[in-house]
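**Student:** I'd like to ask you about the structure that follows.
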Amino acid sequence: MRYWILILLVGWCCSVKAQHEKMSKEIMDVFHSISSDEIMEYVHELCKEEYNGRLAGTGEYMKCAFWCAEQLCDFGLEPAGDDGSYLQHFRMPTTSLIDCRLKKVGNEQEYVFPRDFYPGMNSDSGKVENAEVVYAGYGITAPEYGYDDYEGIDVKGKIVIIERGIPYRDKDEKKRFDLYMRYASESYKLPQALKKGAAAVLLVGKLAHTGIAFSKGMIYTHVDPSMVDELVAKAGYTRDGLKKQISEKQKPCSFNTGCRLNMDVVTRHYPYATTCNVIGVIKGVDTTSSIVLGAHLDHLGNNGLMFPGALDNASGVALQLAVAKALVASGIKPEKNIVFAFFGAEERGIKGAIHYLNHPTFPLDKTMCMLNIDMVGNGNGLSVWGAESFPAVAKIFAQVNDRWLHREFEVTPYERAVSYSQADGDEFSKRGIPALYIATTEELKPMYYHDPRDRAETLTPEIMEDAARMLFLALPEIVKIKGVLREK
């Protein structure tokens, strides 16, 4: 009798082992099916002219969102948006740019788009004629630090030049940055200039920026630093010299440049426009607990030039789509829900992530963590920012890389976001949900951030393939970790 029991046990063990090996082979077949070619097909689709730069609040963005939802449906993910759909709608006022002109009074020099300036993408319409131009440093009034760029100057009815960022000394960057963080955003600086009576603002740096909220009477544009050099030269300054002086002395240096400009901006504002997140889910054994993968679907639209947004963030969206498709194809039943969120309006002030957190599809107190996937298409190495503080997660990612990918790999300590959010994950962090950031290292090609040259050919497809493969193998193991993540 014992002999037959032993034979049955051996046979059962062999059967289980064979099933395990078969399942492993099936999973590895799916692993190897994740290809850079398919990921780049997604990138090329997202960068099409018909989506016109995917600006949240526009019809072109919605068309792209419908395409994304169709992919999730085709893959077999369950919808996790509004009313049984993949879409989660929210209000997103938007502004359409019609025209922008800048001309110097006196020699009637007309500045040229896009060489000299980018129009403000949420500027109000308005015409300012023969206005004096004032240099107002960083446009900051911080009485608690004894710093005021507007002290001693009158900007009423004038055009004000404002630098991006904050005044800090290189040797004291972290401390200075922390002190001035809430004053660093253009969303503070532009209303402050308007409050001081400025007729219009020239923001230094041709960086397209859609995160500045529309405000009635707020007229602005982004200008090239060479244009600022030309304007301050009449007063005997250079822009670099001014920035150095402000930084070293930690005192403002604001003055009337002696130049005058005509500025004419024509826009149309749509206060009741809407946009959406796209959300799908692979249900887990425990359907009340979740992990959220988030990649923002939107970009900067068109300000006269279309911004394709290949790296930022067609790369993250494409990678996330590849992972979703592979996980469904593998047949793996995860321990927790794996939520795939494609957020809208990240470039408009992280509005999509905020809306999700205010209207979560799954309980936030049972959301173990969020993995932020943004700008992952250029590099030779892989990194998970924040994972060092969660050793169990770091170990899973490292083991996958060591066994299957053999890339340079690193993790960094977790830093909880406390003030100005710069990514979707920061908002999760503020709500007490750990946010880890999938990143690439060792850039191999030039990076064109918020630039019309951010096109598909600037990406390195191989690193995207490996990042997707890493997530595919790591996610089912990560969701086996009990409860929510706790810092070690």
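Please treat every number below as a calculation from the coordinates, not as lab data. In this text, all values refer to a predicted model and were calculated from it rather than measured experimentally. All Cβ positions, glycine included, derive from the backbone under ideal geometry; neighbour counts span all protein chains shown.
**Student:** Modelling each spin label as a point 7 Å along the Cα-to-Cβ direction, I'd like the LYS48/SER187 distance in nm, to one decimal.
**Tutor:** 3.2
**Student:** Next question. On the principal axes of its Cα set, how long, how wide and how thick is the stretch 304-416? Give whole Å, largest value first.
**Tutor:** Each principal axis gives a Cα extent; for the stretch 304-416 these are 46, 36, 35 Å.
**Student:** Could you sort 319-327, 272-280 so that the peptide with the highest average Cβ count within 10 Å comes first and the rest follow in order?
**Tutor:** Numbers: 319-327: 25.2, 272-280: 23.4.
Averaged packing, sorted descending, gives the order 319-327, 272-280.
**Student:** Still on this structure, I have one more. At a Cα cut-off below 15 Å, give the aspartates and glutamates reachable from LYS249, other chains included and same-chain residues fewer than 8 away excluded.
**Tutor:** By straight Cα distance, LYS249 reaches ASP148, ASP149, ASP170, ASP172, GLU173, ASP240.
**Student:** With both bridge residues required to lie in the chain, what share of the DSSP beta bridges run antiparallel, to the nearest 5%? Write out the running numbers ahead of the final one.
**Tutor:** Working: 41 of 73 bridges.
Expressed as a percentage, antiparallel bridges in the chain total about 55.
**Student:** On to the next question. Collect residues whose amide H, placed 1.01 Å from N in the peptide plane, falls under 5 Å from the amide H of ASN122; neighbours closer than 5 in sequence don't count.
**Tutor:** none
**Student:** Report the extension gain between THR287 and LEU305 in nm, rounded to one decimal, defined as 0.36 nm multiplied by the number of residues separating them, less their alpha carbon distance.
**Tutor:** On the way: separation 18, 0.36 × 18 = 6.48 nm, distance 4.48 nm.
Additional length available on full extension: 2.0 nm.
**Student:** Would you mind working out the magnitude of the charge dipole of the stretch 105-225 relative to its Cα centre, with +1 at each Lys and Arg C-beta and -1 at each Asp and Glu C-beta, to the nearest 20 Debye? Mind showing how you got there, number by number?
**Tutor:** Details: 16 positive and 18 negative charges, 76 e Å.
The calculated dipole for the stretch 105-225 is roughly 360 debye.
**Student:** Quick one: what do you get for the stretch 96-268 if you divide its Cα Rg by 2.2 N^0.38 Å?
**Tutor:** On the way: Rg = 15.2 Å, N = 173, 2.2 N^0.38 = 15.6 Å.
It is 0.97.
**Student:** By how many degrees, 0 to 90 and rounded to 10, does the Cα axis of helix 59-75 deviate from the longest principal axis of the chain?
**Tutor:** Helix 59-75 and the main axis of the chain meet at about 10 degrees.
**Student:** OK, next. Please list, in order along the stretch 402-412, the HN-Hα scalar couplings obtained from phi with the Karplus expression 6.51 cos²θ - 1.76 cosθ + 1.60 (θ = phi - 60°), rounded to whole Hz, x for Gly and Pro.
**Tutor:** Running phi through 6.51 cos²θ - 1.76 cosθ + 1.60 with θ = phi - 60° gives 5, 7, 10, 10, 6, 8, 4, 9, 8, 10, 10 Hz.
**Student:** If each DSSP helix of 4+ residues adds -39,500 (n - 2.57) and the sum is divided by the residues in the chain, what number results at 222 nm, nearest 500 deg cm²/dmol? Provide the component values of the computation, followed by the final result.
**Tutor:** Details: 12 runs with 157 residues, N = 488.
Counting only the DSSP helices, I get -10000 deg cm²/dmol.
**Student:** If you place +1 on the Cβ of every Lys and Arg and -1 on the Cβ of every Asp and Glu, how big does the dipole about the Cα centre of the chain come out, in debye to the nearest 20? Provide the component values of the computation, followed by the final result.
**Tutor:** Details: 56 positive and 65 negative charges, 243 e Å.
Dipole about the Cα centre, nearest 20: 1160 debye.
**Student:** Additional query: Taking neighbour counts of Cβ atoms within 10 Å as a proxy for exposure, in what order, fewest first, do MET263, MET62 appear?
**Tutor:** Values: MET263 25, MET62 20.
Ranked by crowding around the Cβ, least crowded first: MET62, MET263.
**Student:** Along the principal axes of its C-alpha atoms, what lengths does the chain span, in descending order and rounded to whole Å?
**Tutor:** Computed over the chain, the largest-to-smallest principal extents equal 107, 45, 38 Å.
**Student:** Treating the beta-carbon of each Lys and Arg as +1 and of each Asp and Glu as -1, no other charges, what is the dipole magnitude of the stretch 47-140 about its Cα centre, to the nearest 20 debye? Working shown, then result.
**Tutor:** Working: 9 positive and 15 negative charges, 73 e Å.
I would put it at about 360 debye.
**Student:** Share of antiparallel DSSP beta bridges in the stretch 96-268, in percent to the nearest 5?
**Tutor:** On the way: 21 of 32 bridges.
Approximately 65 percent, going by the DSSP bridge assignments.
**Student:** List the relative contact order of the stretch 96-268 as a percent without decimals, with contacts defined as Cα pairs under 8 Å and 6+ residues apart. Walk me through the intermediate numbers first.
**Tutor:** Values: 367 pairs, mean separation 69.6, N = 173.
40 percent.
**Student:** Let me ask something additional. Counting other Cβ atoms within 10 Å of each Cβ, which GluC sites (Glu not before Pro) in the stretch 374-467 have at most 16 and sit in a DSSP loop?
**Tutor:** Passing both the DSSP loop test and the Cβ count: GLU415, GLU442, GLU443.
**Student:** Please state, as a whole number in µm²/s, the translational diffusion coefficient that the Stokes-Einstein equation yields for the stretch 382-427 at 37 °C and 0.692 mPa s, with Rh defined as the Kirkwood radius across alpha carbon pairs. Numbers along the way, then the final one.
**Tutor:** On the way: Rh = 11.6 Å.
My calculation gives 283 µm²/s for D.
**Student:** Can you tell me the orientation of helix 315-330 relative to the chain, as the angle in degrees between its alpha-carbon axis and the longest Cα principal axis, to the nearest 10?
**Tutor:** 10
**Student:** Please state, rounded to one decimal and in Å, the Kirkwood hydrodynamic radius that the stretch 353-470 gives when every pair of distinct Cα atoms enters the mean of 1/r.
**Tutor:** Numbers: mean 1/r = 0.0648 Å⁻¹.
Result for the stretch 353-470, one decimal place: 15.4 Å.
**Student:** For the pair GLN250 and ASP264, how long in nm is the line joining their label points, each one 7 Å along Cα→Cβ?
**Tutor:** Using points 7 Å along Cα→Cβ, the separation is 4.7 nm.
**Student:** Which residues does the label zone of TYR449 cover in the stretch 343-371, counting backbone N under 20 Å from a point 7 Å along Cα→Cβ?
**Tutor:** 345-351
**Student:** Given an 8 Å cut-off on Cα distances and at least 6 residues of separation, report the relative contact order of the chain as a percent.
**Tutor:** 20 percent.
**Student:** I'd like to compare 191-202, 77-88, 242-253: which one has the highest average count of other Cβ atoms within 10 Å, and what's the full order after that?
**Tutor:** Details: 191-202: 20.8, 77-88: 18.5, 242-253: 15.9.
Highest-to-lowest ranking by the protection proxy: 191-202, 77-88, 242-253.
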